[in-house]
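Student: Below is one structure. I have some questions about it.
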Amino acid sequence: MADEQTKPPHRGLKKGLYVIPTLFTAANVAMGYLAVLSSIRGYQVAAENPELAASYFNGAGLAIGLAILFDTVDGRIARATRTATEIGVQFDSLADVLTFGIAPTALIYAWAVAPAFPEGTFGHNLGVFLLFAYLMCGAFRLARFNLQATRPAKLVEGATKVDKKAFVGLPIPPAGGLLAALVHFSPLPLNSFGEAAPLYTYALLGLIAVLSILMVSTIRYTSMKTTGSTRQGFYLVLAVAAMVMFIYFYSKYALLAIAALYVAHGIIWWIARLIGRIIRPSQTAEEA
């Protein structure tokens, strides 16, 4: 009887809350798994039936896009319910390696590199190398993020805490999301474009190289973790509702624009800060 009286109330409910973020992370893994399977199936039928292959590639791209939603929700739920755990952080990172690292590389290889370049050619080998570099940079970016989350005090000289408003380096979900959005925008295998296919593929490989560099860079990207915590939350709800409608009616354009803007905004802020640092000393010298 005494044990029942001292038992904390809602203990079972609290334990159940820990499962909710894990379920969303598991859904993230499922989307990555389905994206890889769809990429393989699309590659198998690309030569015989490009339209059918396009449906598989489009499905893979949408699965990666949906995984971004699950990846965002699981973190917000964990923070809102105070159920974030160390194993949850590691599980989330492993899920991201699959869904935003392996799945996009499999999709880009099946959709662009393999159809455009015969195996053993320079273009094919370059594509395989850059896709591997993308995967390695993404894995390194996730490892650095985990280290910052667990040991924030002395990672950067002079830093006392992690800046929750910004990520250091491009996160891997928007990097993979941009590649998936490109496939969703034009899901036909690139060999369908005839002689222009190698040119498009080289341009795509250039983008992959840029994304790889951005992930391991120190360029800051907004985390949006504090978004909606102020009185401007109502306007945020309106903006999100408008964005959802835009995606629903014009998903090909909307998803590509959103992904591209997020990737670009870190570079724009970095350039703006760099120009500001150059201008400030010159203004100080003139005043002196």
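Student: May I ask you to evaluate 6.51 cos²θ - 1.76 cosθ + 1.60, the Karplus curve with θ = phi - 60°, for each residue of segment 265-280 and list the ³J(HN,Hα) values in order in whole Hz, giving x for glycine and proline?
Tutor: Calculated HN-Hα couplings, in order: 5, x, 5, 4, 5, 5, 5, 4, 5, 5, 5, x, 5, 6, 6, 4 Hz.
Student: Taking H placed 1.01 Å from N in the peptide plane, check which residues at least 5 places from T222 or on another chain put their amide H under 5 Å from its amide H.
Tutor: Placed amide hydrogens put F167 under 5 Å from T222.
Student: Right, something else. Starting at the first residue of segment 114-127, write each ³J(HN,Hα) from the Karplus equation 6.51 cos²θ - 1.76 cosθ + 1.60 with θ = phi - 60°, in whole Hz, x for Gly and Pro.
Tutor: 5, x, 7, 10, x, 4, x, 7, 4, x, 5, 5, 4, x
Student: Amide H of S217 versus every other amide H placed in the peptide plane: which residues, excluding those fewer than 5 positions away on the same chain, fall under 5 Å?
Tutor: L170
All of the numbers you see were taken from the coordinates with simple rules; none came from a lab. Note that the coordinates shown come from a computational prediction; the quantities given were computed from them, not determined experimentally.
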